[in-house]
Amino acid sequence: MARKYYFARIEGKTPKYYWTVGILGALVLGWLVASYIRFVEGMYLTGMSHSVPWAGCKVLFVLFVGLSAGSFILSALAAIFKQKEYKVLSRVGGYVAILFMLGALAILLTDEGRPDRVLLLFVPGNINPRSMLSLNAFIYTSYITCGILYLWAQLREKEKVATALGIVATVLAVGVHSGTGFLFSIANGREAFFTPITPIAFVVAALSSGTGIAMIILYTTFKLTKRTIDMKFFIQLRRILTGLIFFVIYLMTIEHLTHLYVPEHQEAEFYIFGGGFFTWAFWGGLIGIGGLIPIILLLNPATRDKMKWILTASALHVFGVLCERMIIVLPGQFLPQPIMPGYEIGSAFRDGVITNYLPSVAEWTQIVGVIALVALLYILGLRMLPLLPVEGKYIKE
Amino acid sequence: MGMDRRTFLKLGGALALGSLITPGSQLLLASQENKTGNESKTRWAMVVDLDKCSGCNKECEEICRDENNVPHYGNERYDAYWLRVADVKQHLPGVETRERHIPLMCQHCDNPPCVHVCPTKASFVRDDGITLIDEHRCIGCRYCVIACPYRARSLIFRKSDKWTNEEVPKMMIGVVTKCSFCAHRVDKGQDPACVEKCPYNGLIFGNMNDPNSEVAKIIATKNTKILRPEKHLGPKVFYKGL
Amino acid sequence: MKMRAIIAFLAFLIVLTLPFLVSAGSGNILQSVQAPEIELPDPELGECVEDVSYMRANHMVLLKEERERAVRHGERGDYSLSNCFSCHTNITTFCKRCHDYAGVKPGCFEIEEGCHYAPTSND
Ligand code: SF4
Ligand code: SF4
């Protein structure tokens, strides 16, 4: 007796639905307006400076790329390893992955100084094979293309095609994330960035945060559309998540221990761990909220089987990964570059000063707007494409 | 903006093609393309004589701004600098601490990380060793600002109407700029503006591949130092008396 | 359902033809049926760098190639903007008239939000 999931669109005719669409649409409009003003008026409207040229928007970009790669790999597990339980995720996961990637590209594009010229990236004579960003432009676009084809195959129930595309796109998803990690790890000019472990840590954190966000999205969608859920499935995901959280913490420990050992990098480490915002982000955000608390919640027999706690743990972990992204992107730029080691240096260009950065209104609007963009496309997609299973459990035919 | 229909169509086609064929083949060509030839005849270099630099009123900063239309908004956060004079002090036991002044600009590296990371080849090295930015092509991604170990690059954060030298174009908004060794003057056979106008003649400019040039002679005495030698970038600005 | 499809199709058509509609609305199409007259420089200054008909069709290509050579290789030759301006001393009566007619913006010049110096009638 064949058992399978049936997928369907949601109705989406309630006032609540329209209100959500309206509010999210307004936020997206805010993003467009802010980006336009920023482009025409110039980037002084952001909080960035010459020392901190990559800031808030890049943190969101990196986080989104991670979520995308993570949820895609989860979705493809069903197709590749023929895991029947994961079939629930196969469509939603793929769709969410595409959306997160689109969101990441949207924020990347509007964060550029000249978004009008972005097509120059693809002119054959301009491609710079030594530049990770240039290669990433191609990896990102091929990943999205592959993802869309994969989703199409899933929607049409073309199992073989979906499996093949799933494998290709999974490889690309790993590539996308290692590539994003490489952006930072090869930046030779900034001491705190320069570490070969970043790409790996990026992939692992992507998987863990992607699993987390997939659970949250799936559960909330099911709850709000009044569908039943199979707890067994979430318990499996919970096991994966626990392992991945351990792995993230392990990798971060290794990275910072290595850096602490070498005098060349010690200054950067002391800056991160010497008190202040990043110390809080690391110990409180990544290790505490994002690591230990979720692990306790996920391992403790009293809480680990309760949906509420699993979701809390996932949300906390996604927050922890956000902190990790911040620790990767920001402190490396705040620290002054040792142009003349051994000298005390100062100039009108702020040499030798620890810079500060606070996102400006324009940046907040962009960040919130892009998050809203992803959410908006998600709920519109639920109404237009049959993404959700009718029942969270197998249906006997 | 600044893109007509034809370019747009061409770019669109390139985009469509490009996203299909991930340029693995390009990767193979990667190898040595950006290396500047030491064998080429000219390699422009600069020697900064720190004994002569008195840190006057930091006049070279102003000279550079006027020559190249570098905007100055009076806001420390986003003022652009092609050349800045830094005040440095070294605290050594038993030696009286003395404040010194050191002009810092793009070091025109032989192996420049900024060029390696640029996704559009907007940053490039000319055959004569000058690292330049093609402002028509820069997309303002600021990766090069991250990658440059000397903090030589600044972004044009704001529209600027400064146009003190009409021979040189005005600064374009949203792109990255940096010292060009006054390439427009060098091409005419002149020295860069700061070299010509430094009141103490503390800067010397010339072709370091020509053994008779003043620059080559000073470098040959081995009294000069480069900044951040541990990075192996081969900068072409040499500091004498550091 | 059918009604909606028709409306959607009409909306799509309008968006598609928007550029034409806008320029028709602003009267550009009707006004300038005739090719514009441009003021040519003093013939005593000599010949242009290439022949007139060639320049008319291809000046942008020449300028762009020159830009590439000058910026990327430091070879500053005869096809530069500043060399053009040594004879064509007023862009409002020379470049602009044709460009307005063709609806193409010469993006290099300061008055068109570009960055390069260009002589105008005010000078
Ligand atoms: S000093 Fe910086 S900007 Fe100049 S060539 Fe070297 S890396 Fe590039
Ligand atoms: S900001 Fe411009 S010059 Fe710098 S890496 Fe990006 S495209 Fe190249």
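The values are calculated or read from the model by the stated rules, or taken from the named source; none is laboratory data. Quick caveat: nothing in here was measured; it's all calculated off a predicted structure. Here the Cβ is made from the backbone with ideal geometry for all residues, glycine too, and neighbour counts use every protein chain on show. Heads up: the accessible areas ignore ligands, DNA and RNA and are worked out on the full protein's heavy atoms, side chains in. Shrake-Rupley method; radii C 1.70, N 1.55, O 1.52, S 1.80 Å.
If I filter segment A:128-137 for residues that are free of Cβ contacts under 8 Å to residues at least 24 places away in the same chain, within 16 Å of ligand 1 (Cβ to nearest atom) and within 23 Å of the chain's Cα centre (by Cα), do I get at least one hit?
Checked segment A:128-137: at least one residue is free of Cβ contacts under 8 Å to residues at least 24 places away in the same chain, within 16 Å of ligand 1 (Cβ to nearest atom) and within 23 Å of the chain's Cα centre (by Cα).
What's the total number of residues in segment A:149-167 that are touching a Cys at 6+ places or on another chain (Cβ under 9 Å) and of a type in the set (Lys, Arg)?
Count: 0.
Please find, among A:THR303, A:THR312, A:THR365, the residue that is open to solvent by 10 Å² or more (accessible area, probe 1.4 Å), in contact with a Leu (Cβ under 7 Å, 6 or more places away or on another chain), at pLDDT 85 or above and of a type in the set (Ser, Thr, Tyr).
Result of the check over A:THR303, A:THR312, A:THR365: A:THR312.
Can you find, within segment B:104-129, the residue that is most open to solvent (accessible area, probe 1.4 Å) among those that are more than 9 Å from ligand 1 (Cβ to nearest atom) and more than 10 Å from chain A (Cβ to nearest Cβ)?
B:ASP127
Quick grid of which residues meet (1) at the interface with chain B (Cβ under 7 Å from one of its Cβ atoms); (2) outside any helix (DSSP H, G or I); (3) open to solvent by 20 Å² or more (accessible area, probe 1.4 Å); (4) within 16 Å of ligand 2 (Cβ to nearest atom):
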site: A:GLY125; (1), (2), (3), (4): no, no, yes, yes
site: A:PRO129; (1), (2), (3), (4): yes, yes, no, yes
site: A:SER134; (1), (2), (3), (4): yes, no, no, yes
site: A:ALA137; (1), (2), (3), (4): yes, no, no, yes
site: A:TYR143; (1), (2), (3), (4): no, no, no, no
site: A:LEU151; (1), (2), (3), (4): no, no, no, no
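Please tell me if B:CYS179 is away from ligand 2 (no atom under 12 Å from the Cβ) and either in a loop (DSSP other than H, G, I, E, B) or open to solvent by 20 Å² or more (accessible area, probe 1.4 Å) (or both).
Yes, satisfied.
Kindly check whether there is at least one residue in segment A:157-165 that is buried (at least 20 other Cβ atoms within 10 Å of the Cβ), in contact (Cβ under 8 Å) with a residue 24 or more places away in the chain, within 20 Å of the chain's Cα centre (by Cα) and away from ligand 1 (no atom under 16 Å from the Cβ).
no
Give A:LEU241, A:LEU172, A:LEU207 a once-over and let me know the one that is open to solvent by 30 Å² or more (accessible area, probe 1.4 Å) and away from every other protein chain (no Cβ under 14 Å).
Selected residue: A:LEU207, the only one of A:LEU241, A:LEU172, A:LEU207 that is open to solvent by 30 Å² or more (accessible area, probe 1.4 Å) and away from every other protein chain (no Cβ under 14 Å).
Out of all the residues in segment B:167-176, which are of a type in the set (Val, Ile, Thr) and either within 14 Å of chain A (Cβ to nearest Cβ) or within 15 Å of ligand 2 (Cβ to nearest atom) (or both)?
Scanning segment B:167-176 gives B:ILE173, B:VAL175, B:VAL176.
Does A:ILE107 meet the test of being touching a Phe, Trp or Tyr at 6+ places or on another chain (Cβ under 6 Å), closer than 24 Å to A:ILE379 by Cα, surrounded by 21 or more Cβ atoms within 10 Å (Cβ to Cβ) and touching a residue at least 40 places away in the same chain (Cβ under 8 Å)?
Here the answer is yes, as A:ILE107 does meet what is asked.
Which condition from (1) crowded, with 21+ Cβ neighbours inside 10 Å; (2) within 16 Å of ligand 1 (Cβ to nearest atom) is the one that B:ILE139 breaks?
Failing condition for B:ILE139: (2).
Out of all the residues in segment B:208-232, which are in a loop (DSSP other than H, G, I, E, B) and in contact with a helix residue (DSSP H, G or I) (Cβ under 7 Å, 6 or more places away or on another chain)?
Residues satisfying the conditions are B:MET208, B:ASP210.
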